[in-house]
Amino acid sequence: MYLEHFGLREAPFRITPHTEFFFSGANRGATLEALIYAITRDEGIVKVSGEVGSGKTMLCRMLLEKLPAHVETAYLANPSLSRDEILRAIAEELRAPLPGYHGHALLRALQDRLLEIYAAGRTVVVMIDEAHAMPPETLEEIRLLSNLESNRHKLLHIVLFGQPELNLHLSAMNMRPLKERITHNFALGPLHRSEIGSYLMFRLRAAGYRGPDLFTPRALHLISRASLGLTRRINILADKSLLSAFAEDRHQIDGKQVKAAIRDAQFNPMHDGERRYGKWLSAAAVVAVIAGTAYVAGSYRPHTAPAAQPVAPIAAASAATPEAAPPETARVAAAPAAAPEAPSSFAERLAASETWLKSRPDSHYFIQLLTTDGNNQRGVEAFLENNTKALDAQLVRVYRSRLSGRERLGVIYGDYPSIEAASAELQKVARITPASSPYIRTFSKLR
């Protein structure tokens, strides 16, 4: 591969959705914030549409990681389910007991579980990927599920992700009752030609590249024209172009390499409707502006989605902290038990935290510093070396978890009994490690 040739620690243009490569430009970041706003502040169904390869699944994964701690999520990647099957899938995601239930009994069991979650002060969001492939009767069941409510609030929030065919399905007369329940519509448009260069360099930087721009203006023009601005196509062409340059022992991507990549990709031509698909819906743009303003003002801080396995202490190079912690924070910081000697291997570091994590109350908070792919041990070690030297080494830990069937590695900091204590420490940590974009989570979410 070309990783060492270009000074990369991992492949920058994989087509599978890795959230550390989420590009917030081209309105993606604003759309994510608007989605969070719509899900947490509204009670209607939310719809996100976009062409194949426009980034819908990546947006869905980001939602799973960034929704607030009080939100419980159910993610359905296979929409080709019958009415009973989708009820059972949602109930299983929410850990509802289902001893042989079906039909009305199944719906009642799900409703009882939703009432239980609601009574605990939590919100449930069901995210359905590839919703355009849902049978009509299953879409109707989704509408009926949106009717489940307490005396004052909906028990279930629903987000539909689908290709433009979903809009066609909802335009049918028999789908009108469902369509009228949709209160927010978002459309993921293609990247504009002027945004593709920024997108490519963002992905390269996220993968460890530290050199000058790799793609010449000619290369960007060809990629823009061949990809139609679709991020998956852009990734495929960029990956093939890097491979071509590596084979020629070159360190810059020009038209020659991109033309070779286009020939090798053999993209199918797109019809006129697909070429025009990427206009943002005005409602989505308005919500994005409103939500973006609210979050810039500081009313929201993201939380990562559930992770599920233990955490391990990491030895950092220095234990010095540039500012003295407030009294409450200082008392909390002293609480975690520190190992007298740092584990000698990465595996030992992971294993060493099992006892520590089990002793942490679900209601306590910590600061998330990093999440990455489960096989990116080198990236975690590089992050620790470059970003945590000024933090207390005894409070920096690493964990392995599984989210939506994918292994993840993460780095966390501290243990705080209240959101106020965590927020006070977060202000300092954010100044020390701004590149990590730290945020607050609860141990219940980590588990």
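The values are calculated or read from the model by the stated rules, or taken from the named source; none is laboratory data. No experiment lies behind these values; they were computed from the predicted model shown. So basically every Cβ, Gly included, is an ideal-geometry build from the backbone, and we count neighbours across all protein chains shown.
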Residues of region 171-199 being without any contact (Cβ under 8 Å) to a residue 40 or more places away in the chain and over 20 Å from L87 (Cβ atoms), in sequence order, are S171, A172, M173, N174, R176, K179, E180, R193, S194, I196, G197
Tell me, please, whether a residue that is touching a helix residue (DSSP H, G or I) at 6+ places or on another chain (Cβ under 9 Å), basic (K, R) and modelled with pLDDT of 90 or more can be found in region 81-103.
-> no
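Name the helices (runs of 4 or more DSSP H) wholly inside region 134-242 in which the number of residues that are over 27 Å from the mean Cα position of the chain (by Cα) and surrounded by fewer than 16 Cβ atoms within 10 Å (Cβ to Cβ) is 3 or more.
136-145, 217-227
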So T40 clears everything in (1) touching a residue at least 40 places away in the same chain (Cβ under 8 Å); (2) surrounded by fewer than 18 Cβ atoms within 10 Å (Cβ to Cβ); (3) in a loop (DSSP other than H, G, I, E, B) except one condition, right? Which one?
-> (3)
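In this structure, does I253 turn out to be touching a strand residue (DSSP E or B) at 6+ places or on another chain (Cβ under 9 Å), closer than 17 Å to L8 by Cα and either β-branched (V, I, T) or at pLDDT below 95 (or both)?
When the stated conditions are applied, I253 passes them.
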For region 209-234, pairs from a residue that is more than 10 Å from I253 (Cα to Cα) to a residue that is among the aromatic types (F, W, Y) and surrounded by 16 or more Cβ atoms within 10 Å (Cβ to Cβ), with Cβ under 7 Å and 6 or more apart or across chains, are Y209/F6; I234/Y199
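To keep it simple, each residue is scored yes or no on (1) in contact with a Leu (Cβ under 6 Å, 6 or more places away or on another chain); (2) free of Cβ contacts under 8 Å to residues at least 24 places away in the same chain; (3) among the small types (G, A, S).
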| site | (1), (2), (3) |
| --- | --- |
| E92 | no, yes, no |
| H132 | yes, no, no |
| P135 | no, no, no |
| E140 | no, no, no |
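Conditions tested, residue by residue: (1) of a type in the set (A, V, I, L, M); (2) in contact with a strand residue (DSSP E or B) (Cβ under 8 Å, 6 or more places away or on another chain); (3) outside the structural domain of I182 (by TED's automatic domain parsing).
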| residue | (1), (2), (3) |
| --- | --- |
| F13 | no, no, no |
| T19 | no, yes, no |
| S24 | no, no, no |
| E33 | no, no, no |
| E43 | no, yes, no |
| M58 | yes, no, no |
| M62 | yes, no, no |
In this structure, is A226 closer than 19 Å to S54 by Cα, at pLDDT 90 or above and among the aliphatic types (A, V, I, L, M)?
-> yes
Lone unmet requirement of (1) more than 28 Å from S363 (Cβ to Cβ); (2) in contact (Cβ under 8 Å) with a residue 24 or more places away in the chain; (3) in a helix (DSSP H, G or I) for S80 = (3)
